[in-house]
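Nothing in this text is a laboratory measurement; each read-out follows from the coordinates by a stated rule. Since the model is a prediction, treat every value here as computed from it, not as a measurement. FYI the Cβ positions are ideal-geometry reconstructions off the backbone, even for glycines, and counts take in every protein chain you see.
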Amino acid sequence: MKRLAILGSTGSIGQSALSLVDLFPDQFQVVTLAAKSNADLLSQQALKYRPKLVALYAEASRPEIAARLPGIRVASGQTGITEAAVHPDVDAVIAAISGAAGLIPTFNAILGGKDIALANKETLVTAGRLVMSTVSRLKVKLLPVDSEHSALHQCLRGACRDEVTRLVLTASGGPFFRHTREQLDQVTVEQALNHPTWRMGRKITIDSATLMNKGLEVIEAHHLFAVGPDKITVVIHPQSTVHSMVEFVDGTVLAQMNVPDMRSAILYALTYPERWQSPLPRLDFSKLGPLEFHPPDLQLFPCLRMAYQALESGRSYPAALNAANEVAVDWFLKGRLSFNTIPRVIDRVLIDHQPIEVDDLEAVLEADREARRSAQAVVEKLACG
Ligand SMILES: NC(=O)c1ccc[n+]([C@@H]2O[C@H](COP(=O)([O-])OP(=O)(O)OC[C@H]3O[C@@H](n4cnc5c(N)ncnc54)[C@H](OP(=O)(O)O)[C@@H]3O)[C@@H](O)[C@H]2O)c1
């Protein structure tokens with residue numbers, strides 16, 4: 001029996017994780033659940049799975065949810081979320097909070113020696129070096145949940161690292177693949193949220209449309225697999241069937257494929273090094289049709305290029321890139337910024353950024369705060385202009 005903390009249980013990944021608990025009730029037990037403010041869904045989940053602790057970031061909703069959950073401890077605020085991550089009865093943490101807000105609880109779970117199934121890519125984008133050195137020092141088992149990194153992990157199993165020449169991350173291209181600049185100028189929030197192959201949270205769906213998601217994944221892959229940016233390439237693969245590939249010295253390419261269903265990657269992260277027999281959907285090759293691969297357009301989708309540059313610049317640049325992106329995407333989702341302005345905000349913030357070394361958590365958080373302040377000033381100016 002694996003005892004789970006699900007951080008971000010009300011989100012897309014969190015709900016997929018709970019669906020796996022339904023499929024494997026004798027193998028998984030929910031010990032803690034955590035979310036930001038969705039008290040209704042969180043209490044429904046708590047009534048169904050009877051965790052020992054429920055944590056809600058929004059302090060004001062604590063009394064309301066506590067009244068609905070007699071017999072279950074309810075915690076709140078940042079300390080409540082961290083309590084859910086480090087609960088003594090938890091074996092494995094599914095880190096599925098969205099954005100940089102996932103960093104503190106995930107890092108604390110690592111310090112607490114928990115196994116980590118990492119969906120929150122921002123943890124590695126903002127603090128990759130610190131996180132991976134801590135994982136290695138404490139011998140923590142950290143497995144990626146992002147389907148691309150899960151694919152890379154699977155292709156690298158048993159591989160001799162000296163024989164790897166390239167990691168190839170696939171990207172669906174999002175809803176605006178093959179759009180022109182003029183078309184991109186006109187896109188609405190609704191269109192940007194209409195992802196062709198994946199159903200995900202709002203923030204990652206916009207990142208997918210700008211290709212920032214792929215940029216964040218390049219940074220994540222760099223830290224997870226200790227591979228330089230020059231050896232990580234991105235290809236657009238609209239069918240989202242090949243989840244990523246590894247190329248070896250002799251030109252051989254190993255690809256990992258399955259239906260686009262995040263439960264596969266979550267299950268792999270929770271069961272590695274085993275593979276469990278599962279009822280998840282299978283590929284039907286007779287219906288698959290052609291698989292296409294195209295180079296990304298870095299002129300039209302500059303967020304991907306900026307992510308490579310931030311990774312190469314190092315220090316606090318990736319944290320600043322991520323923070324600026326979170327602010328710009330938030331404004332876009334509120335209808336206060338156009339789609340094509342998102343990369344302009346990030347570019348401005350990165351130009352102005354005063355880099356610092358990010359060797360500890362406080363330095364990462366300071367870089368994040370500073371870039372948010374800077375992005376806020378930029379968006380306010382652009383929104384007025
Ligand atoms: N969805 C996917 O298919 C997918 C694939 C690969 C990687 N990921 C990564 O997984 C993470 C989650 O993505 P998602 O699509 O599941 O996002 P989502 O649907 O927006 O869900 C986000 C979850 O995080 C919670 N949350 C947000 N801020 C929080 C805070 N400060 N404290 C506690 N909980 C907080 C939300 O609670 P409320 O509901 O109360 O707001 C919700 O439960 C992201 O880092 C994303 O990049 C997602």
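What to note about this one:
- Share of pairwise Cα separations in the stretch 147-312, more than 19 Å, in percent: 57 percent
- A Cβ-based charge dipole, computed about the Cα centre of the stretch 147-312 with Lys and Arg at +1 and Asp and Glu at -1, lands at about 380 debye.
- Packing rank of 231-237, 245-251, where each peptide gets the mean count of other beta carbons within 10 Å, highest leading: 231-237, 245-251
- In this structure the amide hydrogen of residue 145, modeled in the peptide plane, comes within under 5 Å of the amide hydrogens of 118, 119, none closer than 5 places in sequence on its chain.
- Among residues other than residue 189 with Cβ under 11 Å from its Cβ, the summed charge is +2 (Lys and Arg +1, Asp and Glu -1).
- Taking 14 Å as the straight-line reach from the Cα of residue 121, the aspartates and glutamates in range (excluding those fewer than 8 positions away in the same chain) are 146, 148, 207, 217, 220, 326.
- When the Gaussian network model of the chain links Cα atoms closer than 10 Å, the mean-square fluctuations of 85, 60, 171 top out at 60.
- Value of D in µm² per second that Stokes-Einstein yields for the stretch 2-144, Kirkwood Rh from Cα pairs, at 4 °C (1.567 mPa s): 88 µm²/s
- With the alpha-carbon atoms of the stretch 230-347 aligned to their principal axes, the span from lowest to highest coordinate is 45, 39, 32 Å, starting with the largest.
- Fluctuation leader among 182, 83, 292 - the chain, Gaussian network, Cα springs under 10 angstrom: 182
- The rule of thumb for compact globular proteins, 2.2 N^0.38 Å, goes into the C-alpha radius of gyration of the stretch 133-230 1.30 times.
- Rounded to the nearest 20 debye, the dipole size of the stretch 83-165 about its Cα centre is 240 debye, using +1 on the Cβ of Lys and Arg and -1 on the Cβ of Asp and Glu.
- Working note: Karplus 6.51/-1.76/1.60 with θ = phi - 60° gives the stretch 353-360 the couplings 5, 9, x, 10, 6, 10, 8, 9 Hz, where Gly and Pro are set to x.
- Antiparallel content of DSSP bridges confined to the chain, in %, to 5: 25 percent
- Sequence-ordered 3J(HN,Hα) estimates for the stretch 246-254 from the Karplus curve with 6.51, -1.76 and 1.60 and θ = phi - 60° stand at 10, 9, 10, 4, 8, x, 5, 10, 9 Hz, glycine and proline given as x.
- Neighbourhood charge, 14 Å Cβ-Cβ cut-off, centred on residue 234 and excluding it, Lys, Arg +1 and Asp, Glu -1: -4
- Taking the DSSP bridge list for the stretch 147-312 and keeping only pairs wholly inside it, about 70 percent are antiparallel.
- Distance cut-off 33 Å, percentage of C-alpha pairs in the chain lying past it: 28 percent
- Per-residue ³J(HN,Hα) for the stretch 187-200, Karplus 6.51 cos²θ - 1.76 cosθ + 1.60, θ = phi - 60°, Hz, x for Gly and Pro: 5, 9, 4, 4, 5, 5, 7, 8, 6, x, 10, 10, 9, 9
- Membrane-span-like helices in the chain, defined here as complete DSSP H runs extending at least 20 Å along the helix axis by their C-alpha atoms with mean Kyte-Doolittle hydropathy no lower than 0.5, are 122-138, 317-333; this is a sequence and geometry rule, not a statement about a membrane.
- Note on the stretch 80-197: percent of Cα-Cα distances in each 5 Å bin, starting at 0 and stopping at the bin with the largest distance, equals 2, 10, 16, 17, 16, 13, 11, 8, 5, 2, 0.
- Taking packing as the residue-averaged number of other Cβ atoms within 10 angstrom, the listed peptides 193-201, 308-316 run from highest to lowest as 308-316, 193-201.
- The chain, helix-only ellipticity at 222 nm - DSSP H runs n ≥ 4, -39,500 (n - 2.57), divided by all residues, nearest 500: -14500 deg cm²/dmol
- When the alpha carbon gyration tensor of the stretch 314-385 is reduced to an equivalent ellipsoid, its three semi-axes come out at 23, 11, 9 angstrom, largest first.
- The stretch 164-243 versus the stretch 12-34: alpha-carbon centroid distance in Å: 27 Å
- Toward the positive end of the charge dipole of the stretch 255-385, with +1 on the Cβ of Lys and Arg and -1 on the Cβ of Asp and Glu, the farthest Cα among 306, 337, 379 is that of 337.
- Cα convex hull of the stretch 1-73, projected area averaged across orientations, nm²: 4.2 nm²
- For peptides 272-280, 130-138, 206-214, 87-95, sequence by mean Cβ density within 10 Å, most packed first: 206-214, 87-95, 130-138, 272-280
- Volume of the Cα convex hull of the stretch 199-273, divided per residue and given in Å³: 131 Å³
- Simple Cβ-charge dipole of the chain, Lys/Arg +1 and Asp/Glu -1, about Cα centre, in debye nearest 20: 740 debye
- Ranked 116, 72, criterion: other C-beta atoms within 10 Å, fewest first: 72, 116
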